[in-house]
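Reading through the structure tokens given below for one structure.
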Amino acid sequence: MSLPPLTVVLASPRGFCAGVARAVEIVESALRQQGAPIYVRHEIVHNRFVVERLERLGAVFVEDLDEVPAGAVIVFSAHGVARAVVAEAKERGLAALDATCPLVTKVHLGAQRQVRAGRRVVLIGHAGHPEIEGTLGQVPEGSAVLVESVADVAALAAAPGEALAYATQTTLSVEDTAAIVAALRARFPGIEGPQGEDICYATTNRQNAVKALAPAVDAVIVLGASHSSNARRLVETAQRAGCSRSFLIERAAGCDWAALEGIGRLGITAAASAPECLVDELIEACRARYEVTLEALSVTTEDVRFNLPRALTA
């Protein structure tokens, strides 16, 4: 019995960004040099496949530093942490390795610079996200305020003539963020912006690839975690770009094949924290059900790489 034909179109860029690759490499290098266990505060990146693989190698993931034995090695996740967390690790004698993405660190430094200049920072992002918690924790309490929508901008309390600046989470929707920034500039014409965009190159590139992919296929699958901001934004981007059948799954085993019934062209991409092996796994699952033809759709080439901390390269 012959299988139905399916053209699988692979978006590029997709998958691991430089910040995620660096964070994972930091944990792996620490395990090789120091031996297990290595403790990691919060998920190193938002992907259970990655976390579980590192757990098998000897990484122990914790939410609070009081779960870490004195003198142990602690790695801070790619999302970044508040300054109080860094201080607590030092006080407890922990050997800290900072896996914060350098592009998140750039946002931290920008927020600190604006506060030193006497401005209150309006931080655009999602409440409760670890990157937002880390950024808010870079500046004194009360010197930054979070907004999540244009409606939040309208409701923002500000004193007449108050000096303001804005910064953004790195993994947001480009379009949504542009609308919020426009609302901020309309309401506060003197508001200062960051030096360059805060939304990272990888987020922008993956969203642009999905914008090109969505009109060319019948359905889009995004590989990534349900609690990953950049993964959810990719699904939203695909839907906005015209592909209503766009789905987020963590692995091929979670694919709803019935929802793909009747399609001839399937687009696949992966969030910045999803490894390429999960794409390969999904392609093989497709081949078990279809006669697959592969196509590639690329919008740009990435060659960014971030160095490891000096403590791991000395």
Exercise. Can you tell me which residue in the range 250-284 is farthest from residue 10 (Cα to Cα), limited to those that are buried (at least 19 other Cβ atoms within 10 Å of the Cβ) and among the β-branched types (Val, Ile, Thr)?
Worked result: 279
Exercise. From the list 289, 233, which residue is outside the structural domain of residue 51 (by TED's automatic domain parsing), in contact (Cβ under 8 Å) with a residue 12 or more places away in the chain and either in a loop (DSSP other than H, G, I, E, B) or surrounded by fewer than 16 Cβ atoms within 10 Å (Cβ to Cβ) (or both)?
Worked result: 289
Seminar exercise, completed: Every listed condition ((1) among the aliphatic types (A, V, I, L, M); (2) surrounded by fewer than 20 Cβ atoms within 10 Å (Cβ to Cβ); (3) within 22 Å of residue 196 (Cβ to Cβ)) holds for residue 84 save (3)
For this session: Report yes if some residue within the range 9-21 is assigned to a strand (DSSP E or B), touching a strand residue (DSSP E or B) at 6+ places or on another chain (Cβ under 9 Å), crowded, with 22+ Cβ neighbours inside 10 Å and not assigned by TED's automatic domain parsing to the domain that holds residue 265; otherwise report no.
Result: no
Exercise. Do you know which residues across the range 200-224 are modelled with pLDDT under 95 and buried (at least 22 other Cβ atoms within 10 Å of the Cβ)?
Worked result: 200, 202, 203
For this session: Collect the residues in the range 61-71 that are hydrophobic (A, V, I, L, M, F, W, C) and under 21 Å from the mean Cα position of the chain (by Cα), keeping them in residue-number order.
Result: 61, 62
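Please verify whether the range 89-107 includes one or more residues that are under 25 Å from residue 28 (Cβ atoms), touching an Asp or Glu at 6+ places or on another chain (Cβ under 7 Å) and of a type in the set (Gly, Ala, Ser).
No, the range 89-107 contains no residue that is under 25 Å from residue 28 (Cβ atoms), touching an Asp or Glu at 6+ places or on another chain (Cβ under 7 Å) and of a type in the set (Gly, Ala, Ser).
Which residue out of 261, 291, 284 is closer than 30 Å to residue 27 by Cβ, out of contact with any Ser or Thr (no Cβ under 6 Å at 6 or more places or on another chain) and among the charged types (D, E, K, R)?
284
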Exercise. Given (1) surrounded by fewer than 19 Cβ atoms within 10 Å (Cβ to Cβ); (2) free of Cβ contacts under 8 Å to residues at least 24 places away in the same chain; (3) not charged (D, E, K, R), where does residue 154 come up short, assuming only one miss?
Worked result: (2)
For this session: Can you give me the ranges of the strands (runs of 3 or more DSSP E) entirely in the range 79-155 with at least 1 residues that are under 24 Å from the mean Cα position of the chain (by Cα) and within 20 Å of residue 183 (Cβ to Cβ)?
Result: 120-124, 144-147
For this session: Go through the range 244-268 residue by residue and tally those that are closer than 12 Å to residue 217 by Cβ and in a helix (DSSP H, G or I).
Result: 1
Problem set entry | Flag for residue 107 being assigned by TED's automatic domain parsing to the domain that holds residue 136, on the phi < 0 side of the Ramachandran plot and touching a strand residue (DSSP E or B) at 6+ places or on another chain (Cβ under 8 Å) | yes
Exercise. Restricting the first residue to the range 266-285 and requiring it to be closer than 24 Å to residue 201 by Cα, which pairs with a second residue that is aromatic (Phe, Trp, Tyr) meet a Cβ separation below 7 Å and a spacing of at least six or different chains?
Worked result: 272/16; 275/16; 275/49; 278/49
For this session: Please go through the range 83-116 and pick out each residue that is within 18 Å of residue 170 (Cα to Cα) and β-branched (Val, Ile, Thr).
Result: 100, 104, 105, 107
Problem set entry | Odd one out for residue 176 among (1) within 21 Å of residue 238 (Cβ to Cβ); (2) at pLDDT 95 or above | (2)
Seminar exercise, completed: Of the residues in the range 54-73, those that are closer than 29 Å to residue 251 by Cα and in contact with a strand residue (DSSP E or B) (Cβ under 9 Å, 6 or more places away or on another chain) come to 54, 55, 57, 58, 59, 60, 61, 62, 63, 64
Problem set entry | Meets criteria (without any contact (Cβ under 8 Å) to a residue 60 or more places away in the chain and closer than 18 Å to residue 175 by Cβ) for residue 214 | yes
Problem set entry | Test: residue 185 is among the basic types (Lys, Arg) and not assigned by TED's automatic domain parsing to the domain that holds residue 161 | no
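The values are calculated or read from the model by the stated rules, or taken from the named source; none is laboratory data. As the structure is a prediction and not an experimental result, all values here were calculated from the model. No Cβ is skipped: glycine too gets one built from the backbone with ideal geometry, and neighbour counts run over all protein chains shown.
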